[in-house]
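Data first, discussion second: the structure below is written as structure tokens.
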Amino acid sequence: MGYISWEDFEKIEICVGTIIQVDDFPEAKKPAYKIKADFGSRYGIKKTSAQVTDLYSKKDLVGKQIIGILNFPPKQIGPFVSDFLLTGFAQEGGVVLAIPDNKVSNGGTLS
């Protein structure tokens, strides 16, 4: 494991958002959803693609608060451009989302 400085960590925009829309992503190489999340007035609505279909249905995800990294450059995924990285933990059986255990205002940052 390599270490990073505190200054490097402070550059990462790790924020809470609420999923507002989930659509199938049939063009993806691996099963995935297209997700839109509201990150509050400071960051607005962002979209991403996430390979979380094994453990979450579209219905399960809408309204769920999630943790995203917002300041990676946009990433082209087939015909779709992802604005943020949805965080989770890969394990056998699928990706488990990293989520706050209490309600947090959209756009709240990790500290």
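Per residue, the chain reaches -2000 deg cm²/dmol at 222 nm when only DSSP H runs of four or more residues are counted, each adding -39500 (n - 2.57). Considering the chain, its Cα convex hull presents a mean projected area of 7.9 nm².
Taken about its Cα centre, the chain carries a charge dipole of roughly 340 debye when the Cβ of each Lys and Arg holds +1 and the Cβ of each Asp and Glu holds -1.
Bear in mind these aren't lab numbers, they're just calculated from the coordinates by the rules spelled out. Just so you know, these numbers come straight off a predicted model, no measurement behind them. Virtual Cβ from ideal backbone geometry, glycine too; neighbours counted across all protein chains shown.
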